[in-house]
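The values are calculated or read from the model by the stated rules, or taken from the named source; none is laboratory data. Quick caveat, the model's predicted, so the values are computed rather than measured. Quick reminder, even Gly has a Cβ in these numbers, built from the backbone with ideal geometry, and neighbours come from all protein chains shown. With ligands, DNA and RNA removed, areas are computed over all heavy atoms of the protein, side chains included. Shrake-Rupley method; radii C 1.70, N 1.55, O 1.52, S 1.80 Å.
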Amino acid sequence: MLLVYILTFVMLYLFDRVRDSQDQQSKVEIEERKKSEERLQLANKQLFVFFNLNPVATYITTSSDERFRFVNKAFLKLFSLESEMIIGKTALDIGLIAEDELNRLGTQLEKNKLHFAGFEYKMKTLSGKILDILGYNETIKMDGQDYYIGTMQDISEIKKKKKKLRKLSE
């Protein structure tokens with residue numbers, strides 16, 4: 001009888017030790033997960049600040065329907081827009097790009113496997129001013145979906161100066 005009592009006591013003691021060990025391990029895993037999530041949130045905030053403060057017009061669109069998901073302040077300033085006017089819409093919806101230019105861009109993306117660097121095209125501001133744009137575009141995968149991330153530089157003045165220089169040299 002004493003032996004049964006001792007064995008029961010030992011078993012309960014071991015069971016408690018295993019349970020405590022599992023609880024401790026669960027607490028460590030939970031803490032590690034929380035730390036990882038905090039690091040990820042911090043990285044996302046830093047990335048958002050980087051994108052938003054970047055002086056080059058930057059955007060993210062879905063690749064399937066090319067709707068804007070994010071544009072930075074430089075993009076909004078370049079086209080004289082407010083973010084509410086563009087998020088969830090396409091460049092064609094807003095009138096930033098002519099349909100023939102959109103087709104040319106689409107062809108360029110298809111030819112270069114959804115990426116281009118240093119491609120020139122035309123876009124227009126909300127007021128109708130035509131801009132010569134030098135664009136860079138890359139496809140990225142987030143949450144299992146393809147997105148375009150790109151930058152745009154207004155090279156209108158550079159093109160005007162080149163044209164003027166060409167005329168002068170002739």
Original post:
Taking the condition more than 15 Å from the chain's Cα centre (by Cα), farther than 27 Å from LEU47 by Cα and of a type in the set (Val, Ile, Thr), does ILE155 pass?
Top reply: no
Subject >> Residue among LYS124, LYS162 that alone is closer than 16 Å to ALA57 by Cβ and charged (D, E, K, R) >> reply: LYS124
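Sort through GLY128, GLY135, GLY150, GLY144 and tell me the only one that's in contact with a Gly (Cβ under 9 Å, 6 or more places away or on another chain) and free of Cβ contacts under 8 Å to residues at least 12 places away in the same chain. Break it down stepwise before answering.
On the way: GLY135 fails: free of Cβ contacts under 8 Å to residues at least 12 places away in the same chain; GLY150 fails: free of Cβ contacts under 8 Å to residues at least 12 places away in the same chain; GLY144 fails: in contact with a Gly (Cβ under 9 Å, 6 or more places away or on another chain).
Testing whether each residue is in contact with a Gly (Cβ under 9 Å, 6 or more places away or on another chain) and free of Cβ contacts under 8 Å to residues at least 12 places away in the same chain leaves just GLY128.
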Original post:
Under the condition of being closer than 19 Å to LEU76 by Cβ and among the small types (Gly, Ala, Ser), which residue from region 121-170 is most open to solvent (accessible area, probe 1.4 Å)?
Top reply: SER127
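Considering only region 50-59, I want to know if a residue exists there that is among the hydroxyl-bearing types (Ser, Thr, Tyr), under 17 Å from TYR148 (Cβ atoms), surrounded by 10 or more Cβ atoms within 10 Å (Cβ to Cβ) and modelled with pLDDT of 90 or more. Full working, then the answer.
Of all residues in region 50-59, those among the hydroxyl-bearing types (Ser, Thr, Tyr) come to 58-59.
Subset that is under 17 Å from TYR148 (Cβ atoms): 58-59.
Filter once more, keeping what is surrounded by 10 or more Cβ atoms within 10 Å (Cβ to Cβ): 58-59.
Going one step further and asking which of them are modelled with pLDDT of 90 or more, we end up with 58-59.
Scanning region 50-59 turns up at least one residue that is among the hydroxyl-bearing types (Ser, Thr, Tyr), under 17 Å from TYR148 (Cβ atoms), surrounded by 10 or more Cβ atoms within 10 Å (Cβ to Cβ) and modelled with pLDDT of 90 or more.
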Original post:
Hey, any hits in region 105-119 for a residue that's touching a helix residue (DSSP H, G or I) at 6+ places or on another chain (Cβ under 9 Å) and more than 14 Å from SER63 (Cβ to Cβ)?
Top reply: yes
